[in-house]
Amino acid sequence: MHTTRMIKALGALSFLLGAQLSAQGPGGILPTPQDTPNRQGTRGANFLHIGIGARGGAMAGSVGSTIAGPTAWYWNPAGAATSEGFDLTAGRQNLYGDLGLGQTYAAASIPLIGGVVGLSLNTLNSGNMLRTTEQNPFGERLGGSSFSWTSTALSIGYAKRITDRLSVGFQGKYITEGITDVSTSWVAFDVGTQFNTGLYGLVLGGAIQNVGGQSRADGALLTRFIQTGDGTQIRENRRVAFYTAQTEIPVEFRLSVGSDLLGTSNSLFGGAGGKHLLNAEVSISDATDYSTQYGLGVEYGFRNTVFLRGGKRFYNDDRWVGGSAATYGMAGGFGLRVPLKGRALKFDYSFQNAGALQNIQIFSLEVTR
């Protein structure tokens, strides 16, 4: 079962890479006028690009200006400044259909030091894969040896409302990824802001994320002991390590504009205190390892209890190969908010189309005021 899953995952990824290379001219290394060079696949910790939270997933990542609560520590730290009590969120993300990749996250926000302090954990796991060798390319069946790839980001942050319209936030991250006995680690930081213009419910959001240095892989599996001597007598056993290149993490910039179209006193169409809420947001994101992406998200709420959401992400690359460019990057989902002894329990779900890599499903649970 693990072998079949591994073959499916490798097959899908090979298909995407092959299509990308074939579009780049003879030998797969020369760009054509229609396909300019890019930096895809040149950074470590790429899991940082996978958004967390079902609300953000359902709106195709277009939440940077309207995000609030603990999930804001991923999208825009400034959004966490609105927490008025202890807020907690957790979620599970099933990545790419039945390929067995899973992502788990948890975050908490606590009002402290005149603002809000937050902790978050974001981890991705490949699931067990059979260890292979040149002699056993489909796994060492008799030994049953397996391994898994794990990527983790642990963060601590602080957010504060500077005025009734302006919020800022920042956080530090410790990021690590790899397999048992071989891993790469980085230290990075994020900074973000949200500004409510007071005009027709317009809110501006911006964040710079994953700003850090370089690092190289290290671990026991990269270490060997060699014997030195003159051919007749061993003089010593010397410990050596394989050389590994320095790797950077993907610095990312997010800019978004959101609007309360309906439901508040500042809404474009008014309706403060009504049964219906309607939010819309457009976003632009750019990173050191992908083309500029655009997104659009819409959220409808009824009595602040039931929510329907939808969105579309425009990736501006060839990752949709094997499906339809019109549907690739489309997302949708719903949410339910239940009052609970002065607090609220929120459950959210989202589904995203990932083309040849099937889909991403996210389940989120949040306890807030």
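Observations on the structure shown:
- Selection count where residues are under 16 Å from ASP87 (Cα atoms) and assigned to a strand (DSSP E or B), scope segment 333-362: 10
- Filter result for GLN171 (more than 18 Å from the chain's Cα centre (by Cα) and either part of a loop (DSSP other than H, G, I, E, B) or polar (S, T, N, Q) (or both)): no
For (1) touching a strand residue (DSSP E or B) at 6+ places or on another chain (Cβ under 9 Å); (2) of a type in the set (Ser, Thr, Tyr); (3) closer than 22 Å to ASN210 by Cβ; (4) not assigned by TED's automatic domain parsing to the domain that holds LEU357, each residue gets a yes or a no:
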site: ASN46; (1), (2), (3), (4): yes, no, yes, yes
site: ALA60; (1), (2), (3), (4): yes, no, yes, no
site: VAL63; (1), (2), (3), (4): yes, no, yes, no
site: PRO77; (1), (2), (3), (4): yes, no, yes, no
site: ASP87; (1), (2), (3), (4): yes, no, no, no
site: GLN93; (1), (2), (3), (4): yes, no, yes, no
site: GLY115; (1), (2), (3), (4): yes, no, no, no
site: THR123; (1), (2), (3), (4): yes, yes, yes, no
site: SER126; (1), (2), (3), (4): yes, yes, yes, no
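- Candidates ALA68, ALA45, ALA58, ALA80, filtered to the one that is touching a helix residue (DSSP H, G or I) at 6+ places or on another chain (Cβ under 6 Å) and surrounded by 24 or more Cβ atoms within 10 Å (Cβ to Cβ): ALA80
- Taking segment 95-113 as the range and being of a type outside the set (A, V, I, L, M) and either at pLDDT below 95 or surrounded by 19 or more Cβ atoms within 10 Å (Cβ to Cβ) (or both) as the test, the residues that pass are TYR96, GLY97, ASP98, GLY100, GLY102, GLN103, TYR105, SER109.
- For segment 326-345, a tally of residues being without any contact (Cβ under 8 Å) to a residue 40 or more places away in the chain and surrounded by 15 or more Cβ atoms within 10 Å (Cβ to Cβ) returns 3.
- Options SER259, SER291; residue that is part of a strand (DSSP E or B), modelled with pLDDT under 95 and touching a strand residue (DSSP E or B) at 6+ places or on another chain (Cβ under 6 Å): SER259
- VAL63 modelled with pLDDT of 95 or more and in a strand (DSSP E or B): no
- Condition check for GLY57 on (1) assigned to a loop (DSSP other than H, G, I, E, B); (2) within 18 Å of ARG337 (Cα to Cα); (3) of a type outside the set (A, V, I, L, M, F, W, C): one failure, at (1).
- Of the residues making up segment 308-324, not a single one is hydrophobic (A, V, I, L, M, F, W, C), surrounded by 18 or more Cβ atoms within 10 Å (Cβ to Cβ) and part of a strand (DSSP E or B).
- Residue identified as part of a loop (DSSP other than H, G, I, E, B) and surrounded by 14 or more Cβ atoms within 10 Å (Cβ to Cβ) among THR132, THR193: THR132
The values are calculated or read from the model by the stated rules, or taken from the named source; none is laboratory data. Just so it is clear, the model here is predicted, and its values are computed rather than measured. Neighbour counts run over all protein chains shown; Cβ positions are idealised from the backbone, glycine included.
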